[in-house]
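To start, the structure under review is shown below, and the notes come after it.
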Amino acid sequence: MIEVAVLPWEKIDWSDERVQKIYLDWGIFNTHKQQLDIAANYYDKSLALKADDARALLYRSLCKRDIAQTQGALEDALAALEVEPQNAVINQEICEALHELNQFENCKLELHNNSRKYIGRKASRFINKLIVVDENFNDTVGDTLSPFILRNEKIFADVLAYLERENFVDPRPLWKILNEQNKCDVLSILEKEEVLLSPREVARRERAFRVFNQIYYNKSWIDVLFLKSLRENPNLLLPQYKISTPFLRNLVNTKYDVVKKFLKMLQARSPVYTEQLRKCPNRKTWEAQRQKHLNHIQYQTRRNMLTILRTIRQLRAAGKIKQLGKYVEEVMGDYVVLKTHRVMPWKFQFINEVYNTLALAYADIFMEPPDMNVHYDAKNRLIRLLKMPIDKNKDRVMRFVFGDKSTYQEPDAIDYTLLAYKKYLARLEKRMHFAKYSIEKCYLLYEIAQSHLTQSRFEECCSVARKAIEETKNCNSYLWRFLSILLICKSHAVLHKVERGRDALNEAYECAERLKCGELMHFIDLCRVSVETEISLKKRTQSFDSVRRRKSRLSVGGSSHMSQYSSGSANNNADERNEEQEQEEQQERQVTAREFQ
């Protein structure tokens with residue numbers, strides 16, 4: 001049997017009654033010092049020795065109310081009332097617990113009963129508390145409720161349906177519920193479906209959370225926000241610390257739950273719509289200030305949009321394409337997506353301008369290179385024209401320096417390039433889910449295909465690029481169509497699928513003709529010439545290989561033939577083979593001449 005360690009001051013030989021009073025005194029002492037967890041422990045020990053001690057139950061009820069365990073506090077107060085039914089302090093504690101549980105009707109009923117039961121100073125406690133409860137009723141269902149209902153009556157049905165779904169408990173077995181939903185009924189761990197929220201909804205909830213805390217906590221709201229962020233802070237909850245991390249995680253979550261419970265108490269006593277009206281009682285003044293604030297945001301947004309367009313044009317003129325793409329993704333994914341048509345009525349025009357400028361910047365790359373006079377290798381000429389890297393491993397030189405940890409290559413090292421690719425891909429796919437305009441979808445699909453191409457995922461790149469080509473039909477954007485086709489050309493060029501690359505280049509040439517851009521047409525012509533040269537080289541290599549195989553078969557056949565027959569017949573057969581070889585060589589020269597023509 002395991003012996004529990006006993007502290008030195010707990011080793012006492014007094015009677016249970018005396019020990020119970022000592023535990024109670026220790027609990028009261030720790031309560032005054034605001035060490036509520038220790039105090040609750042001593043109250044539990046005191047009640048374990050004497051369960052019907054009304055004084056210990058009362059103090060434990062007060063302690064539980066201080067740590068937001070209001071339901072337990074009410075139960076202790078009711079238990080103390082059974083021991084001493086005529087105690088006014090216990091009745092007052094029951095009313096306080098009902099009030100903090102937001103049961104205002106029951107609290108008002110108890111206050112009325114107790115105000116008639118007692119007289120003098122005892123009755124004044126309940127009368128004063130009754131005034132507070134009446135004011136709570138006035139704040140919740142008074143004059144401020146009607147405007148709130150008229151303003152939000154459209155969403156009441158959805159909110160009630162959501163609450164019913166959250167509170168509904170299905171008594172049937174889990175396998176039966178899953179079977180009726182046509183899901184797998186043998187899962188031991190259920191998969192949690194991730195709720196996808198739009199960026200605007202996420203921003204709205206964050207702002208509502210800040211406003212909600214600012215109303216009730218004033219300047220302390222920033223501490224609540226900090227406490228919320230600590231729950232998942234890796235700097236505090238270090239996974240290497242196996243003992244302190246679970247304790248800290250439990251402590252932070254418990255304290256945040258306490259803050260939330262007190263916040264709900266304040267909100268139930270005086271709702272947000274009442275607090276807002278209390279800060280500005282004049283409705284016309286409040287509406288005028290709101291309209292002024294929205295106009296200020298609209299004017300500031302317009303100035304920001306002009307600055308963004310000017311920066312994009314400057315980056316394009318300077319040829320900083322990578323920096324431009326990163327800037328556009330940051331602006332459009334974090335700032336513009338949060339703007340409504342109220343503060344940005346020209347949003348569609350701005351989106352078209354930004355994405356078309358970015359597409360023009362991407363198209364500026366595909367021009368005739370300045371060193372075209374230099375003879376490129378025919379095999380890699382198309383790849384060089386399409387600005388694709390050739391054999392990255394040859395450019396990478398790994399040097400290991402003794403003592404320099406940055407040069408070490410660990411087998412289990414983290415691939416940060418792959419992590420960045422997955423993070424960027426998840427961001428684009430989430431944006432794609434909430435994209436509204438076709439030109440924005442074209443941009444997102446193009447970026448997804450481009451990210452696949454950088455990771456050498458050529459099949460995924462071609463698949464997404466074809467989706468982008470189909471999406472361009474909705475917005476009639478031949479420029480994004482042209483860029484998406486070139487991604488397919490790059491994939492085929494790296495894989496040396498020259499026939500498919502030729503078909504894609506022909507389709508790209510049609511887009512360039514529709515764009516009426518002579519430079520792009522000239523660029524596609526150069527690519528097509530490179531493809532035709534590679535095809536002819538490939539055919540010539542195949543013809544040479546076939547001739548070589550024929551010669552090897554003939555030589556093997558001739559040696560076996562001479563071993564069987566005499567020298568005279570061997571000479572005749574050699575003459576016949578020479579004639580056949582001359583005929584094959586003549587046919588080969590004709591084929592080669594036709595290829596070069």
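Every number in this text was worked out from the coordinates using simple rules, so none of it is lab data. As the structure is a prediction and not an experimental result, all values here were calculated from the model. FYI the Cβ positions are ideal-geometry reconstructions off the backbone, even for glycines, and counts take in every protein chain you see.
Please state, as a whole number in µm²/s, the translational diffusion coefficient that the Stokes-Einstein equation yields for segment 284-363 at 25 °C and 0.890 mPa s, with Rh defined as the Kirkwood radius across alpha carbon pairs. Translational D for this selection: 179 µm²/s. Residues in segment 247-258 carry Karplus couplings, in order, of 5, 5, 5, 5, 5, 5, 5, 5, 5, 5, 5, 4 Hz; the curve used is 6.51 cos²θ - 1.76 cosθ + 1.60 with θ = phi - 60°, and Gly or Pro positions show x. Spatial offset of segment 441-485 relative to segment 504-525 amounts to 17 Å, using the alpha carbon center of each. Rounded to the nearest whole Hz, the Karplus-based 3J(HN,Hα) values (6.51 cos²θ - 1.76 cosθ + 1.60, θ = phi - 60°) of segment 508-524 follow the sequence 5, 5, 5, 5, 5, 5, 5, 6, 6, 10, x, 5, 5, 5, 5, 5, 5, with x at glycine and proline.
Using a cut-off of 18 Å between Cα atoms, the listed pairs Lys430/Lys473; Lys339/Lys436; Lys154/Lys292 include Lys430/Lys473; Lys154/Lys292 as exceeding that distance. Shown for Ser46, Ser115, Ser536: other C-beta atoms within 10 Å of each C-beta, ranked fewest to most, produce the order Ser536, Ser115, Ser46. Restricting segment 179-268 to GluC sites (Glu not before Pro) that sit in a DSSP loop and have at most 16 other Cβ atoms within 10 Å of their own Cβ leaves Glu191, Glu193, Glu194, Glu232.
Using a Förster distance of 51 Å, how high is the FRET efficiency between Ala123 and Gln300, based on the Cβ-Cβ distance and rounded to 0.05? E between Ala123 and Gln300, to the nearest 0.05, is 0.30.
Working note: Karplus 6.51/-1.76/1.60 with θ = phi - 60° gives segment 325-335 the couplings x, 5, 5, 5, 5, 5, 5, 6, x, 10, 10 Hz, where Gly and Pro are set to x.
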